[in-house]
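Undergrad: Below is the structure I would like to discuss, written out as structure tokens.
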Amino acid sequence: MKKFKRIFIFVPIFILLCLIFQKDNFIIAKEEKLKYEENSVLALNYHRIRDDSFLDKFLSVFSNSKELYAYSVTRNQFEAQIKWLKKQNAHFLTEEELLKYKRQGEFPKRSVWINFDDMDNSIYRNAHPILKKYDVPATGFVITGEVGSKDFHNLNIATEEELIEMKESGIWSFSSHTHDLHTLHKNGDSKLISSSTNALTADLKKSNQYLKEKLGIKNQTLAYPYGQMRESKIVGLKNADIKYGYTLEERAITPDHNDYYLPRILVSEEAFNTLIKKWEGFKNE
Ligand SMILES: [Zn+2]
């Protein structure tokens, strides 16, 4: 009985410490307020949609760690966020509409684009049913060389069958998150940043080929792993027919943004409450 009690105490504490001290790998400039620009769209980026488990509730009660909740929201939080956006009459865009409006130079008011990086199994399990329920379109950025991987950097990645099911629902479109360049080196640079132009082009061509063959998509966009991009790498993207690239930055997209530096806002429960809910674009006129 004593032994059981000890385990009951130490296991959650150990998990909590692991989560608190895990490395922050994203390059994001944190803003206190989301600047409002009239003709713009909010690109809301998600990574994991956690289960609303007992352990999660336990950790949220005993931890004030920002890191713990910076890169994921729970299923219930996600549903509440979608409901809140619907209530504000958000105009949900597909990626195709986003790029079309950008080219035309005019976004509809209250435009929002929902997108996900990595496409792990939690997106299929927890986000997909909610998006279907509220009929909200979304884009998934796929690490095409890792589809179906059971343990990719501790992630269980969605399978090809799951991606096909999502696409056939009419809710989803998919784009590239590289084929095999989603790793972080010890110096903090992503594998994409440290690749040669030729290696980068070859990887993105492979990724585009996967999207075309398996999902019937002619891809021309890339979400940069960890939000990292450098000017010298853009030529490698152009050679692979990539015409648009997405970073992670707490700003709205406007028509005059450089096509290779389109900012997406990384959503956590805190970011949603402090930035999105207070954004002037949703205020009643
Ligand atoms: Zn990623």
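No value in this document is a laboratory result; all are computed from the given coordinates. Note that the coordinates shown come from a computational prediction; the quantities given were computed from them, not determined experimentally. Here Cβ is always computed from backbone atoms with ideal geometry, including for glycine, and neighbour counts include all displayed protein chains.
Undergrad: Out of the stretch 234-243, which residues are surrounded by fewer than 19 Cβ atoms within 10 Å (Cβ to Cβ) and either within 16 Å of the ligand (Cβ to nearest atom) or assigned to a loop (DSSP other than H, G, I, E, B) (or both)?
TA: Once the filter is applied, which keeps residues that are surrounded by fewer than 19 Cβ atoms within 10 Å (Cβ to Cβ) and either within 16 Å of the ligand (Cβ to nearest atom) or assigned to a loop (DSSP other than H, G, I, E, B) (or both), the stretch 234-243 yields ASN239, ASP241, LYS243.
Undergrad: Looking at the stretch 168-188 only, could you name the residues that are part of a loop (DSSP other than H, G, I, E, B) and surrounded by 14 or more Cβ atoms within 10 Å (Cβ to Cβ)?
TA: ILE171, HIS177, THR178, HIS179, ASP180, LEU181, HIS182, THR183
Undergrad: Still on this model: Out of contact with any strand residue (DSSP E or B) (no Cβ under 6 Å at 6 or more places or on another chain) and in a loop (DSSP other than H, G, I, E, B) - does that describe any residue in the stretch 123-141? Can you show your working first?
TA: Restricting attention to the stretch 123-141, the residues satisfying the condition of being out of contact with any strand residue (DSSP E or B) (no Cβ under 6 Å at 6 or more places or on another chain) are 124-125, 128-130, 132-135.
Next, only the ones that are in a loop (DSSP other than H, G, I, E, B) stay: 135.
Looking through the stretch 123-141, at least one residue is out of contact with any strand residue (DSSP E or B) (no Cβ under 6 Å at 6 or more places or on another chain) and in a loop (DSSP other than H, G, I, E, B).
Undergrad: Take the conditions among the polar types (S, T, N, Q), under 24 Å from GLY227 (Cβ atoms) and not in a loop (DSSP other than H, G, I, E, B) and apply them to SER149. Does it pass?
TA: Spelling it out, it is not the case that SER149 is among the polar types (S, T, N, Q), under 24 Å from GLY227 (Cβ atoms) and not in a loop (DSSP other than H, G, I, E, B).
Undergrad: Next question. Working only within the stretch 217-233, note down all residues that are in a helix (DSSP H, G or I), within 16 Å of the ligand (Cβ to nearest atom) and either more than 19 Å from PHE116 (Cβ to Cβ) or not small (Gly, Ala, Ser) (or both).
TA: Result: PRO225, TYR226.
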